[in-house]
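Q: Structure provided below as structure tokens; questions to follow.
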Amino acid sequence: MNNGILNKTETKTLQEIESKYYMQPILDSILQDIESNNREWQKVFDNLYSYLVNSKDLVENLIQVRVQNGVIKDASQARKSIAGQAFSNLIIWTFLKNKEQGHIEKNIFITSKRSQIPNHKELFLIQVGEETQKPDVDLVIYSLDSTNHLHKCLIVSLKTSLRERAGQTYKWKLLMEIANTESDLKEKYNISYNPPITPLVCFATVNFYNEINNPQHRGMFKFFDCAFIGKDIETDDFIKPLSYLITYIKENL
């Protein structure tokens, strides 16, 4: 139920996510968990892994029905596509439900569509000589000022596992820092970057393959402004529970 905090675009986004066939079993499991266990909406973030895994068989059944009906041709490709999309949709949906509950300020927004963000071309483009580099952007959380101009911005790269090019994001983060610092490297490679604000760069995972304790992977997290995990496990300074995202945006956006 929308209590008036969400705008029309956000309400439409919720409806679009809820209408996706593969999201329905996952969202049902969340709502059942909230009702049965009195789960707080903020803590839903920390259990995204469980919701995804526990709904796997139900989602697979839906895929097979669509294969039999000719709606889906390649079940394997559908599974791969759903794995990434479900994680992204879950974060957006949970974010908006928390905003609906008043846990997130009205002037803070989330989107997977770069074009919705003011000054998106300047934010997400670094010039390197005659070439350009663009960040690995899955979600953007941003705030607007009283005149609806971009105030602050947070880029979030999402990966269901760390095998999926997690290093790509932190390399862009390093490039962005070089671009924002007067240095020999900046001059050597003719790097130019002129955003209206400097985005924070974060990383979020559900760590399907229990990779976060690998020293090489742990080292990568140090390059991000903050890293989050949507899995109910003990965390350390190098990675935070995904529910900490709410605190983080309150402090930084």
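Q: Evaluate the charge dipole of segment 28-187 about its Cα centre and quote only its size in Debye, nearest 20, assuming +1 on the Cβ of each Lys and Arg and -1 on the Cβ of each Asp and Glu.
A: On the way: 21 positive and 21 negative charges, 83 e Å.
Roughly 400 debye, rounded to the nearest 20.
Q: Need one value: the accessible area of residue 142 in square angstrom, 1.4 angstrom probe, rounded to the nearest 10.
A: 20
Q: On each of the three principal axes of the Cα atoms of segment 17-160, give max minus min coordinate, whole Å, ordered largest first.
A: 49, 42, 21
Q: Label points 7 Å out from Cα along the Cβ direction at residue 50 and residue 233: separation in nm?
A: 1.5
Q: Still on this structure: Whole-Å semi-axes of the chain's equivalent ellipsoid, largest first, each the root of 5 times a Cα gyration tensor eigenvalue?
A: Numbers: eigenvalues 195, 96, 71 Å².
Rounded to whole Å, the semi-axes are 31, 22, 19.
Q: Tell me, in nm to one decimal, what length is gained between residue 58 and residue 115 on full extension, where the rule is 0.36 nm per residue of separation less the Cα-Cα distance? Spell out each step's value before the answer.
A: Working: separation 57, 0.36 × 57 = 20.52 nm, distance 3.40 nm.
Length gained between residue 58 and residue 115: 17.1 nm.
Q: Oh, and also: Only bridges whose two residues both fall in the chain count here: according to DSSP, what percent of them are antiparallel, nearest 5? List each step's numbers first, then the result.
A: Working: 15 of 27 bridges.
Antiparallel bridges: around 55 percent, rounded to the nearest 5.
Q: Go ahead and set up a Gaussian network model of the chain, Cα springs under 10 Å, then flag whichever of 100, 130, 18 fluctuates most.
A: Per the Cα network of the chain with a 10 Å cutoff, 130 tops the list.
Q: Give me the lysines in straight-line cross-link reach of residue 222: C-alpha distance below 23 Å, same-chain residues under 8 apart excluded.
A: 134, 152, 159, 171, 173, 186, 231, 240, 250
Q: Please report, as a whole percent, how much of the solvent-accessible surface of segment 1-131 comes from carbon and sulfur atoms (probe radius 1.4 Å). Intermediate results must be reported in sequence, preceding the final value.
A: Details: 3390 of 7350 Å².
Whole-percent figure for carbon plus sulfur exposure: 46.
Q: Starting from the Cα-Cα distance between residue 85 and residue 31, subtract it from 0.36 nm times their residue separation and give me the gain in nm to one decimal. Intermediate values should be presented prior to the final figure.
A: Numbers: separation 54, 0.36 × 54 = 19.44 nm, distance 1.95 nm.
Between residue 85 and residue 31, full extension yields 17.5 nm more.
Q: In the chain, which helices (entire DSSP H runs) extend 15 Å or more along their own long axis, judged by Cα positions, while averaging at least -0.5 on the Kyte-Doolittle scale?
A: On the way: long enough: 8-19 (16 Å, -1.37); 24-37 (19 Å, -0.22); 56-68 (18 Å, -0.09); 75-100 (35 Å, -0.16); 166-179 (21 Å, -0.04).
In the chain, the long hydrophobic H runs are 24-37, 56-68, 75-100, 166-179.
Q: Relative to the present Cα-Cα distance, how much length would full extension add between residue 250 and residue 225 at 0.36 nm per residue of separation?
A: Details: separation 25, 0.36 × 25 = 9.00 nm, distance 1.46 nm.
Once the chain is fully extended between residue 250 and residue 225, it gains 7.5 nm.
Q: How far apart, in nanometres, would the label points at residue 174 and residue 133 be if each is projected 7 angstrom from Cα along the Cα-to-Cβ direction?
A: Each label point is offset 7 Å from its Cα along the Cβ direction, giving 0.9 nm.
Q: Here's a follow-up. Output the Kirkwood hydrodynamic radius of segment 45-101, Cα pairs only, in Å rounded to one decimal.
A: Details: mean 1/r = 0.0799 Å⁻¹.
Radius from the Kirkwood sum: 12.5 Å.
Q: Here's another thing I want to ask about it. Run the simple label-point estimate for residue 9 and residue 74 please: 7 Å along Cα→C-beta, distance reported in nm.
A: About 3.3 nm, to one decimal.
Q: Along its three principal axes, how long is segment 131-231 when you only count alpha carbons? Whole Å, largest extent first please.
A: That works out to 40, 39, 21 Å along the principal axes.
Q: Among 243, 19, 143, which one shows the biggest mean-square fluctuation in a GNM of the chain, springs joining Cα atoms closer than 10 Å?
A: The residue that fluctuates most here is 19.
Q: Measuring with a 1.4 Å probe in the full set of protein chains, what accessible area per residue, in whole Å², belongs to the chain? Walk me through the numbers before you get to the answer.
A: Values: 13530 Å² over 253 residues.
The answer is 53 Å² per residue.
Q: Sticking with this structure for a sec: Any idea what % of Cα-Cα pairs in segment 73-155 are farther than 19 Å? Please report the intermediate quantities before stating the final value.
A: Working: 1769 of 3403 pairs.
Percent of Cα pairs beyond 19 Å in segment 73-155: 52.
The values are calculated or read from the model by the stated rules, or taken from the named source; none is laboratory data. Predicted, not measured: the structure shown is a model, and the values here were computed from it. Neighbour counts run over all protein chains shown; Cβ positions are idealised from the backbone, glycine included. Note: areas computed on protein heavy atoms with side chains; ligands, DNA, RNA excluded. Shrake-Rupley method; radii C 1.70, N 1.55, O 1.52, S 1.80 Å.
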